[in-house]
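K.L.:
After the structure tokens below, expect a handful of questions from me.
The values are calculated or read from the model by the stated rules, or taken from the named source; none is laboratory data. Computed from a predicted model, the values in this text were never measured in an experiment. Neighbour counts are summed over all protein chains in view; Cβ atoms, including those assigned to glycine, are modelled from backbone coordinates with ideal geometry. The accessibility values were calculated without ligands, DNA or RNA, using every heavy atom of the protein model including side chains. Shrake-Rupley method; radii C 1.70, N 1.55, O 1.52, S 1.80 Å.
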Amino acid sequence: MVFFLIFVSAIFVNNIVLSQFLGICPFLGVSKKIDTALGMGAAVTFVLVLATIITYLLQLLLNAYGLGFLQTIVFILVIAALVQMIEIMLKKVSPSLYQALGVFLPLITTNCCILGVAIMVANGTEKLPAGAEPNLLTGTWFAFCTAIGFALALVLFAGIREQLEMSDTPKAMKGTPIALLTAGLLAMAFMGFSGVC
């Protein structure tokens, strides 16, 4: 039951983009087409889960040696190195998957959603439902569900933006203004889930 509550909470109630405002750059920049939004969502899911596991274990090591103050710098370096290693491995192992995700992998290095979730899980400050203990298992599940929530918000927003491109919007509202207004309305729609968990 706890894992189901984490699933609902991370995807709908505390959506990383629409509720906590992390990952706004790719949310606005990569959401013009559904295909690119799906690719970015898949890449973020893969990297976020791996980065969370590695940074959680590194945080234990840093705390053991009294080096917790280096957390942010170490996490940034680990995420950047992880993205580079994944890019190199994908290029050799699966060129087709590399072609599909290759554009999005460098963008993930600067995605603050990855760093934010890694820090929340490592410090045990992720928003978990009552009765859930912050540990590696719940943290990894939280990271996976958060990535799914990020992908859902990205795909929904991309679908709306594709429809807006075909609609007759006033000249002053075309482009970024209507996108920001739509993002605000989407965030308000997700606020309707706030009483669920």
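K.L.:
Tally up the residues in region 97-123 that are out of contact with any Leu (no Cβ under 9 Å at 6 or more places or on another chain), aliphatic (A, V, I, L, M) and within 16 Å of S31 (Cβ to Cβ), please.
P.N.:
2
K.L.:
Exactly one of these conditions fails for I148: (1) β-branched (V, I, T); (2) open to solvent by less than 30 Å² (accessible area, probe 1.4 Å); (3) in a helix (DSSP H, G or I). Give me its number.
P.N.:
Going through the list (1) β-branched (V, I, T); (2) open to solvent by less than 30 Å² (accessible area, probe 1.4 Å); (3) in a helix (DSSP H, G or I), I148 breaks only (2).
K.L.:
Moving on. If we keep just the residues of region 71-96 that are of a type in the set (V, I, T) and modelled with pLDDT under 85, which is farthest from I24 (Cα to Cα)? Please lay out each step first, then the result.
P.N.:
Taking region 71-96 first, the residues of a type in the set (V, I, T) are 72-74, 76, 78-79, 83, 86, 88, 93.
Subsequent filtering for residues that are modelled with pLDDT under 85 retains 86, 93.
On the way: I86: 23, V93: 31 Å.
If we take residues in region 71-96 being of a type in the set (V, I, T) and modelled with pLDDT under 85, then V93 is farthest from I24 (Cα to Cα).
K.L.:
Working carefully through the options T45, T52, find the one that is under 15 Å from V83 (Cβ atoms), more than 10 Å from the chain's Cα centre (by Cα) and either polar (S, T, N, Q) or modelled with pLDDT of 90 or more (or both).
P.N.:
Details: T45 fails: more than 10 Å from the chain's Cα centre (by Cα).
Answer to the check: T52.
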